[in-house]
Amino acid sequence: MRLYAATTNPGKLREFRQAVERFGRGRIELLPLPGLEDIPPCEETGATFEENAAQKALYYSRHAPGMVFTDDSGLEAAALNGEPGVRSARFAGEGAGDKANNRLLLERLVGKDDRRARFVCAVALAEGGRLHGRFRGEVEGWIVDAERGGNGFGYDPLFFYAPFGCTFGEASPERKLEVSHRARALEQMVRWLLPAEAAGA
């Protein structure tokens, strides 16, 4: 089976491939959407991760030669009423990088006792302008006071996962894949696409 991923984020694409290979056990060939760089970006106007993922999947499916999936994911901090949420990638402004977003998050949490946070990922699968399904994954943790570790991307160096005793930035990619929000959403998608035994049930 061939499946296309519509993302320009190299970190996400790497995790997509790792997850699909693991859960699909070689039965799914995952490719980046051809010509994605020439397609005008989809405007994300949804209020939730699911709405944005579905918008993008339907939009890019009209440019795809087969089934395509997109994700919308981010961090929700309890003390910030769920922010940065759907604006996680542009928390510090349009085009802001990981460092600027992480710095703003830490600034906004100064003086806050509640450091609980969760990563959320919504994946949407579509083909030819028709939505096949939506899948969601979450993982709970809390925000540390300074970046730790050079692995991962985004808010990973600030997200402490208690069962590991370290941040996602300190965890190996393979270990993060065991529990990450993105892996959990993709595992559901693969289970929907393939017979249960192929997805590791």
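Here, each number is a calculation from the coordinates, and none is a lab measurement. Because the structure is predicted, anything quoted here is derived from the model rather than measured. So basically every Cβ, Gly included, is an ideal-geometry build from the backbone, and we count neighbours across all protein chains shown.
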In region 101-118, how many residues are over 30 Å from Leu193 (Cα atoms), basic (Lys, Arg) and either crowded, with 22+ Cβ neighbours inside 10 Å or in contact with a strand residue (DSSP E or B) (Cβ under 9 Å, 6 or more places away or on another chain) (or both)? 4
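The rows are residues; the columns are (1) in contact (Cβ under 8 Å) with a residue 60 or more places away in the chain; (2) in contact with a His (Cβ under 8 Å, 6 or more places away or on another chain).
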residue: Arg14; (1), (2): yes, no
residue: Arg17; (1), (2): no, no
residue: Val20; (1), (2): yes, no
residue: Arg25; (1), (2): yes, no
residue: Ile28; (1), (2): yes, no
residue: Leu33; (1), (2): no, yes
residue: Ile39; (1), (2): no, yes
residue: Gly46; (1), (2): no, no
residue: Glu51; (1), (2): no, no
Of all residues in region 1-20 being of a type in the set (A, V, I, L, M, F, W, C) and part of a helix (DSSP H, G or I), which is farthest from the chain's Cα centre (by Cα)? Val20
Take region 108-148 and flag every residue that is touching a helix residue (DSSP H, G or I) at 6+ places or on another chain (Cβ under 6 Å), charged (D, E, K, R) and under 18 Å from Gly66 (Cβ atoms). Glu127
Step by step: first the residues of region 57-74, then only those that are part of a strand (DSSP E or B), farther than 20 Å from Thr167 by Cα and not aromatic (Phe, Trp, Tyr), then the one that is farthest from the chain's Cα centre (by Cα). Which residue is that? Val68
Output the number of residues of region 119-151 satisfying the condition of being surrounded by fewer than 22 Cβ atoms within 10 Å (Cβ to Cβ) and within 12 Å of the chain's Cα centre (by Cα). 3
Give the number of residues within region 21-39 that are of a type in the set (D, E, K, R), in a loop (DSSP other than H, G, I, E, B) and surrounded by 15 or more Cβ atoms within 10 Å (Cβ to Cβ). 1
Count of residues meeting criterion [part of a loop (DSSP other than H, G, I, E, B), within 24 Å of Glu43 (Cα to Cα) and of a type in the set (Val, Ile, Thr)] in region 75-133: 0
If you take the residues in region 40-56 that are assigned to a loop (DSSP other than H, G, I, E, B) and of a type in the set (A, V, I, L, M, F, W, C), which one is surrounded by the fewest Cβ atoms within 10 Å (Cβ to Cβ)? Ala47
Any idea which of (1) without any contact (Cβ under 8 Å) to a residue 12 or more places away in the chain; (2) surrounded by 21 or more Cβ atoms within 10 Å (Cβ to Cβ); (3) not aromatic (Phe, Trp, Tyr) is the one Gly165 doesn't satisfy? (2)
